[in-house]
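What follows is a single structure, written as structure tokens, with notes after it.
The values are calculated or read from the model by the stated rules, or taken from the named source; none is laboratory data. This structure is a prediction, so every number in the text was calculated from the model and none was measured. All Cβ positions, glycine included, derive from the backbone under ideal geometry; neighbour counts span all protein chains shown.
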Amino acid sequence: MRRFIYYVLWALPIAYMIAIWIMSSLPSNAIVELPDSKTDAFIKESLHLVEFAILYILFVIPLTIGGKLTLKSSLVFALISAAYGVTDEIHQSFVPYRSATLIDVVKDWIGVAAAWGHVRYHYFYKQQSILNRLSGQKKSTVSEKAGS
């Protein structure tokens, strides 16, 4: 059963990437449009800060549970999440009624960087964190968790 859960957790970031791709293929108001256009635009632009941070966290969870989260793997998946943000913007440039901007890429990267920094601090440097409880670890040093 534990192995099944592990595979499901690895499927989540892939499913999320597919959902991002599908939603990026639609006009921005296809799913939700708030009555106040300024609020609608603000919320949708703000989502760039969390959209790819969530993707990064979805990669981190199975790594943590499988005991494979290292400084290196954390950085690799942060870079994959940020690169997918770039891919999403390029994809949007070909979709009618959508646009791709450099500022959106920067917002995607800021969100991923914030999540990466949070994981780096709480998993590798702070001894009592939810990530350490997920992995079943008690106390360990940064060098033990860092791996190669």
Going through region 115-125 one residue at a time, which ones are out of contact with any helix residue (DSSP H, G or I) (no Cβ under 6 Å at 6 or more places or on another chain) and at pLDDT 95 or above? G117
So which pairs qualify, if the first residue must be in region 89-106 and more than 13 Å from E51 (Cβ to Cβ), the second must be hydroxyl-bearing (S, T, Y), the Cβ gap must be under 6 Å, and the two must be at least 6 apart or on different chains? H91/S24; V95/S25; A100/S93
Only one of D108, D104, D88 is among the charged types (D, E, K, R), under 10 Å from the mean Cα position of the chain (by Cα) and surrounded by 13 or more Cβ atoms within 10 Å (Cβ to Cβ). Can you tell me which? D108
Give all pairs with beta carbons closer than 8 Å in which a residue from region 1-18 that is assigned to a helix (DSSP H, G or I) and surrounded by 12 or more Cβ atoms within 10 Å (Cβ to Cβ) meets a residue that is of a type in the set (F, W, Y) and modelled with pLDDT of 95 or more; count only pairs at least 6 apart in sequence or on separate chains. P13/F59; M17/Y84
